Structures are given as structure tokens and as C-alpha cells.
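J.: Structure provided below as C-alpha cells; questions to follow.
The values are calculated or read from the model by the stated rules, or taken from the named source; none is laboratory data. Just so it is clear, the structure is predicted and the values come from calculations on it, not from any experiment. Positions of Cβ are backbone-derived with ideal geometry, glycine not excepted, and every protein chain shown enters the neighbour counts. Accessible surface areas use protein heavy atoms only, side chains included; no ligands, DNA or RNA. Shrake-Rupley method; radii C 1.70, N 1.55, O 1.52, S 1.80 Å.
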Amino acid sequence: MSEKVVTLSIGGGGKQTSSFIKDIILKHFDNEIIDNLGDASYIKTGVSSAFTTDSFVVRPEFFNGGNIGKLSVCGTVNDLAVSGAKPLYLSFALVVAEGYSLDKLEQIVESAAIEAKIAGVKIVCGDTKVVERGGVDGVIINTCGVGDVVKKLNHYVNVKTGDKVIVTSDIARHGMAIMLERGQFGFNGDIKSDCACLNHMMSNIYEYNIKFSRDATRGGVAAVLNEIAEKSGKGFIIDEENIPLRQDVAELCETLGYDPLSVANEGAAVIIVSEEDAEKVLDALHKSDTGKNAKIIGSVTDDARVILNTISGGKRVVDLPPGELLPRIC
Amino acid sequence: MNPNIPFRDKETALKLSNAIKNEAKEDKHYKIMEVCGTHTMAIARSGLRSMLPSNVELVSGPGCPVCVTSQGEIDLFFELIDKGVSVVSFGDLLRIPGSNGQSLMDKRAHGADVSVVYSPLDTIKLAKASPDKHYTFLGIGFETTAPTVAALIMQAKKENIENLSVLSFCKTMPKAFELILSDTSLHLDGFLCPGHVTAITGISLYDPIIASKKAAVVAGFEPVEMLDAIYEIIGQVNKGEFHTVNKYRRVVPDEGSQAARDILSTVFYDNDATWRGLGKLEKSGLGIKEEYAEYDALKRFNLVPKDITEIKGCKCGQVLTGKIKPSACGLFGKKCTPEEPVGPCMVSSEGTCAAYYKYKLGEI
């Protein structure tokens, strides 16, 4: 029997739409709110809410350490968590190409459901659109997320000279895992994406004097630090020898000419914390699996630039990375 | 363990940095040219300049293969695309602007088939997978890269692959060295010689440097190796005794690689080539020999690089020959940025202007 694939009728609003929602969506996202299948879902949030959205287009959809479904939950959960909010509810909108494997689509939905359970969030509404072959390539997912604000962590003015900078995980794994998965340059390796929800880890540190936090996705740690520098007028001095980085990841980056600081992460956040609380935050981070490799990498300065003390004792500027990372010639 | 790690050791690097400070005479200015683009970037990335005294100056030379590609040569990339050819390239070339201001990246966004590869031989896989398309590899590189381009041509002929060709604008270093050495206004004291090029050519490439009473030290690309080479150069200058020293023996044999040179001479012949900013240099390019003519994109598509001068104000030529620092070019950081480059120097991963812009050199 040939493989079952997505057909235009799944997005058509009729019988097939209904059975797709029942057999795949509700089966995995099972909760009382989504089960109602209303045009909108009723949710309860606290006095102050945080709201975010993100679209996911990663290729290939399946990679070492996750897939686009898992990523679509982690990405939005993390945007809330690093903004100081407890994630509560997510939406989940699929755009899928006609002809896409139904099995794979279900795996994607199932991974999203599993990750939502791990994070303790409910997926309460969603949508599925099927587009004609060639309209999109594979699957695109958009998720929105709502959470209760515990502590606002997006205010640049809170960043003060002398504050410490922590990265919560070893860096550059997601970008390099995707690069290997694409097999584009003929390299092999076992680098798993760091794709993970950070909300439980973050909830352990809200009690401390955290000034600012942001997850270091596209553009990596370099982009986050430069963005904060630009908006806050403060700068950073960071130490290369303290940046957590796995050796295989470091070597692959080096071979291709990538700066690990500019490579994407999906489970690493940059935290700016008062000097007094830095060690306490580090201890708290080390207690969770996603934060076990966290390190203090540097501190905030008055000079609105990002400076790196290199491993060999030199100094250099870390600039905003270019739009697309390209391997070098030799 | 990564074999490079000992060569990044902070303690050793600081010792060498202090040794350089002691060796460099206060009343003398030492001007050292790093010839290789990989050195330019490695120096910037490791923050090496911050470890040198102010009277030891490093200037960049014509050692970024992308940067010395002339505008007329670059424009042929786009002519190929307009002919419906699928082009295959190293990542470095994707942001290089053509005369029309567009890059291969822009062309790709408009639907052109542009593939990025790490090895030229990957072009064979692409050609086999899509026999209905014609793939042209954009052959840019010096002695280091050229053997892999030659290997692609030899392999394609061996496998009788018909939908593949190479646009060879590979170049060789000797004539560029001659040009630099003949320019007395540069006041150079020595050269940090390109490790990877030497791995092919051997250290005899630097005989003319020694003959003109300047130091030539072959160096690796790690901070300790580069500092060690700089220390050696300063020592030679102080003594006034010059000889080529190979400080990169862990990778580079003194005699280079005969096998690689054989591959080069099998496929290529020396032709006259136009270098961006340097002009036409006799027998400084690698053309594809008649025996492999069917793989020569110039012949196959009847292409001739036009004699196009660089955009007015672009001082790539002076930057590439170490005459000026990028910041002395009126376009640098203003009209010419990585987002909207005027010259390839600003966007090649080994470009001097790219290094100065990305790492804000001279500002720390």
C-alpha cells in the first residue's frame, strides 16, 4: 500500500478536515479547552500577560534532537520564559503541502504535544491549511503563546555596568546540527540540536536580581549581546575561555569558518544578572538539565560594544553576524 | 584533542608577546605584511594586534583570492547565470557584487540556481543528479585551492561527465610577490608567509623576498604560531640577516607537494591574468589546457572577461597591496558595507576590509 499523504481536502473544511482534526490533532493535543472546537477558546490568564508569536520553517523538518513540531513549541515557550512569563497556552497553526506524508505530519504533531506536556502548557487552538504542491515546501508552523508575567525581563534600562552575563547552555549546537542534517558539505557527526523548553529552568531563577534575558536563537549569542548593547547603550566584555562549547561543535565551526558566537541555538538563553546574585543564579541553573552547562561568560561595561578576550590573551570586537552564514574557501 | 589547541595557549602567547616587545627596538618601526587572507582573518579573530607593541605594524597583502578577482571576471558569473547555467561556488563568492550591484545571493533569491559547496568535487554529484542542467564551478583560488579545482576537471573527464565545466580564474602568487617587492614605497621589513600556499609550492617561493633583504617566515594560523613568526621576523630584521624560516612544519614540508604541483601542471597552464587593483600580471593565472578544453567554461560559453575598472573611489587595489588601511578609503563603512558592498574585499570571508569592518580593527 502506498504511503498516506496530505490531500487538499484535509484543509477543505469538510469530512476529511474533521477526521484529520479528530485523528491527529485532538488525539495528541488532548485537553478540555481544545476539545470544544469552538471558533475561539476561552482561557484564563493572570493580571499581567505576555503574548508572543513565531513561525517555523526549518529544513529538514526532522533533525538530530528534534523536529519542526517540537521546535515550534520550544521556540514560543522560550520567548515567554525569557521574557519572565510563565507560559500557559499556545496556538498551533499548520501550513502543509499537498502530498506531504501523513505519518510524518502526525509525528510532528505528536512531538509538539509531548513537548507541550513537558513544558506544562496547553495547546488550545489551531488551524490547518493545505496548499497545492509547490505552494510551500513541506510544513510550516506558526505558534502563538500567552503566559502570566512573573517578572518583566525585557527592559534594557535595567542593564547596569558591572552586571554579569550568563549563557545557560553550551552554544552553537542547533545551527551545526541542522547543517549536518542537510548533509550539504559532506560532513558527518553526532551533534544534537539543543532544542528544549527553558521555562522550568527559568522559573528557578526569577526570584533573583535578573536584569534582562533573551534566548540566543538566530544570530546566536553575538546577535543578542549586540542587540542589548545597541538598545541599552551598555557594552559587554566576555571571555572566550569561559564560553561553554562542545569540542566537536567547536571543530566543525572552525572547519567551516563559522564563529560559534554567531551560530543559532534553540535551548540557550543569555541572562544578565546583578553581580551579587550571579553565582546563586548559576547554581540554580545547574540544577536543571537544560542549564547544567551554564557559565558566567562576562560582564556589562560602559562601552557600547561587545569585546571578546580571546583564549590566547588578545582582544577583539564581536559584531552583529551577517544574515546568512557561508562556509569559507580554505 | 584538537591539534590546534596548544597553539592557542594563553601563557605561551603572552610570553611571546613580551618577547616581541623586548626584541622590537623602540626607535624602529617594523612593517610586516601578512600575505594570506586566512592570516588576515586569524589575526583579527584572535585579537593579535592587541598583543603587539605599537611599533610593530601588520599590513595585509593580496592574499585573498576572492578579493583579487577582477570586476570583469566577476561579471562573467552573472553572464553564466543569464545563459541559464547552474553555478556552483564556494560560500565566499555569494555576496560579491557584480557591476550591476547584484550578488549571487540576490540572483538566487530571484530564482537562479546557485549551489554552495565545500569541495569543488561536489559539483560532480550535482551534475550527476541533474543531467538536464549544466553546472559551472566558479574556480577562484590560489595554489592551495587550485589543485582541488584541477582534480574536479580530471575526475569529470575520467567519468566523461558532459554537463559540467569550470570557470577558472585561479591565480598564483609569484608575480604578485614581485609586484609588492618592487614597490619601495611600502617600506616592508618582512612577510608572514601563507602556510597553505607553501604546502603546495614549497619555501623556494620566497627566495625573491630573501634576495631583496626582507624576512620571510612561513606561519600557521594559530595565535602562538603567528606570534612566533613575528618574533622571528623582528629578530632577522634586527640582525640584518635574512633567510626563509618554515615555522609551520607540522603541516608544511619545505619542498611543498610535488603531487599537487603535478596535478596543477596536468590541467592548467600559466596565463596572463587581471588582478583587482593590481592590473594585468603576466603568467599569474591558471588557464585550462587544450586537452581539457571541453571543461573550460570560457570556451564552452564563449566568454571573455571585460576590461572593467573598479567603481570610482574604491581603493581595493591600495588595500590589497598594503598601501593603505581600509579606513583610509572614502567608501569604507559609508558607501561600502557588508550589506551593500562596493568591492569583494568587504564581503569575502578573508577580505581585509571585511576583517577591519567586522572586528572594528584599529578601534580597540
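J.: Please tell me the relative contact order of chain B in percent, rounded to the nearest whole number, where contacts are Cα pairs under 8 Å and at least six residues apart.
T.: Relative contact order comes out at 23 percent.
J.: Expressed as a rounded percentage, what relative contact order does segment A:8-149 have, with Cα pairs under 8 Å and six or more residues apart?
T.: 38 percent
J.: 5 Å is the cut-off here: which amide hydrogens, built 1.01 Å from N in the peptide plane, fall below it relative to A:VAL306, excluding neighbours closer than 5 in sequence?
T.: Distant-sequence amide H within range of A:VAL306: A:PHE236, A:VAL318.
J.: Rounded to a whole number, what % of the accessible area of segment A:8-149 do carbon and sulfur atoms account for, probe 1.4 Å?
T.: 53 percent
J.: Cα convex hull of segment A:137-177: how many Å³ per residue?
T.: Dividing the Cα hull volume of segment A:137-177 by its residues yields 174 Å³.
J.: How large is log10 I(q)/I(0) at q = 0.17 Å⁻¹ when the Debye formula is applied to the Cα atoms of segment B:242-284, each weighted equally and without solvent?
T.: For segment B:242-284, the Cα-only Debye profile gives -0.78.
J.: Then there's this: Counting C-alpha atoms alone, how compact is the protein assembly as shown: give Rg to one decimal and Dmax as a whole number, in angstrom.
T.: Answer for the protein assembly as shown, Rg first and Dmax second: 27.7, 90 Å.
J.: I've got another one for you. Please work out the average accessible area per residue across the protein assembly as shown, using the 1.4 Å probe convention, and give it in Å².
T.: Counting only protein heavy atoms, the per-residue value for the protein assembly as shown is 41 Å².
J.: Mind giving me the FRET efficiency for A:ASP239 and A:GLU207? R0 is 25 Å, r the Cβ-Cβ distance, nearest 0.05 is fine.
T.: 0.40
J.: With a 1.4 Å probe, what is the total accessible area buried between chains B and A, in Å² rounded to the nearest 100?
T.: It comes to approximately 2900 Å² buried between B and A.
J.: Where in segment B:21-71 are there GluC sites (Glu not before Pro) that are in a DSSP coil and have at most 16 other Cβ atoms within 10 angstrom of their Cβ?
T.: B:GLU26
J.: Taking every alpha carbon pair in segment A:156-317, what does the distance histogram look like in 5 angstrom bins from 0, in percent?
T.: Whole-percent P(r) values from 0 Å outward: 2, 10, 19, 22, 20, 15, 8, 3, 1, 0.
J.: Ok, one more. Amide H of B:GLU143: which non-local residues (sequence gap of 5 or more, or other chain) have their own amide H closer than 5 Å, using H built in the peptide plane?
T.: Amide H neighbours of B:GLU143, under 5 Å, 5+ apart: B:MET173.
J.: Where does chain A land at 222 nm, in deg cm²/dmol rounded to the nearest 500, when only DSSP H runs of n ≥ 4 count, each adding -39500 (n - 2.57), divided by all residues?
T.: -8000 deg cm²/dmol
J.: Once you put a point 7 Å from the Cα of A:PHE51 and another 7 Å from the Cα of B:GLU363, both along the Cβ direction, what distance in nm separates them?
T.: Between A:PHE51 and B:GLU363, the label points sit 3.8 nm apart.
J.: Can you list the residues of segment A:283-316 that have at least 20 square angstrom less accessible area with all protein chains present than in their chain by itself, probe 1.4 Å?
T.: Flagged in segment A:283-316: A:ARG305, A:THR310, A:ILE311, A:SER312, A:GLY313, A:GLY314, A:LYS315, A:ARG316.
J.: Could you pull out every residue, at least 5 positions away or on a different chain, whose amide H is within less than 5 Å of the one on B:PHE332? Hs are placed 1.01 Å off N in the peptide plane, and Pro or chain starts have none.
T.: none
J.: Moving on. I want to check the label-to-label distance for A:GLU32 and A:ARG182. Put each point 7 Å from Cα in the C-beta direction and report it in nm to one decimal.
T.: A separation of 4.6 nm, rounded to one decimal place.
J.: For chain B, give me every cysteine whose Cβ has no other Cys Cβ within less than 4.7 Å, ordered by residue number.
T.: B:CYS36, B:CYS170, B:CYS193, B:CYS314, B:CYS316, B:CYS329, B:CYS336
J.: Show me the trypsin sites (Lys or Arg not before Pro) within segment A:226-308 that DSSP assigns to loop and that have at most 14 other Cβ atoms within 10 Å of their Cβ.
T.: Those that pass, being in a loop and sparsely packed, are A:LYS287, A:LYS292.
J.: Give the residues of segment A:270-285 whose amide nitrogen is closer than 20 Å to a point set 7 Å from the Cα of A:TYR156 in the direction of its Cβ.
T.: Only A:270-274 fall inside the zone, counting backbone N under 20 Å.
J.: Another question, if that's okay. Considering only DSSP beta bridges where both residues belong to chain A, give the percentage that are antiparallel (nearest 5).
T.: Given both bridge residues lie in chain A, the antiparallel proportion sits at roughly 75 percent.
J.: Then there's this: Using only the alpha-carbon atoms of chain A as identical scatterers, what base-10 log of I(q)/I(0) does the Debye formula give at q = 0.07, 0.08, 0.09, 0.14 Å⁻¹?
T.: -0.30, -0.40, -0.50, -1.10
J.: In addition: Label 7 Å along Cα→Cβ of B:ASN238; segment B:15-37 residues with amide nitrogen under 17 Å?
T.: Counting backbone N atoms under 17 Å from the label point, the list is B:15-32.
J.: Roughly how many nanometres apart are two label points built 7 Å out from the Cα toward the Cβ at B:LYS28 and A:GLU230?
T.: 4.6 nm
J.: Rounded to whole Hz and in sequence order, give me ³J(HN,Hα) for segment A:159-173 from the Karplus expression 6.51 cos²θ - 1.76 cosθ + 1.60, θ = phi - 60°, writing x for Gly and Pro.
T.: Values per residue, Gly and Pro as x: 6, 10, 4, x, 4, 9, 10, 10, 9, 8, 8, 5, 9, 6, 6 Hz.
J.: May I ask what percent, to the nearest 5, of DSSP beta bridges between residues of chain B are antiparallel?
T.: 25 percent
J.: For segment A:282-288, in order, what is each residue's ³J(HN,Hα) by Karplus, 6.51 cos²θ - 1.76 cosθ + 1.60 with θ = phi - 60°, in whole Hz (x at glycine and Pro)?
T.: Going residue by residue, I get 4, 4, 5, 5, 4, 6, 9 Hz, with x marking Gly and Pro.
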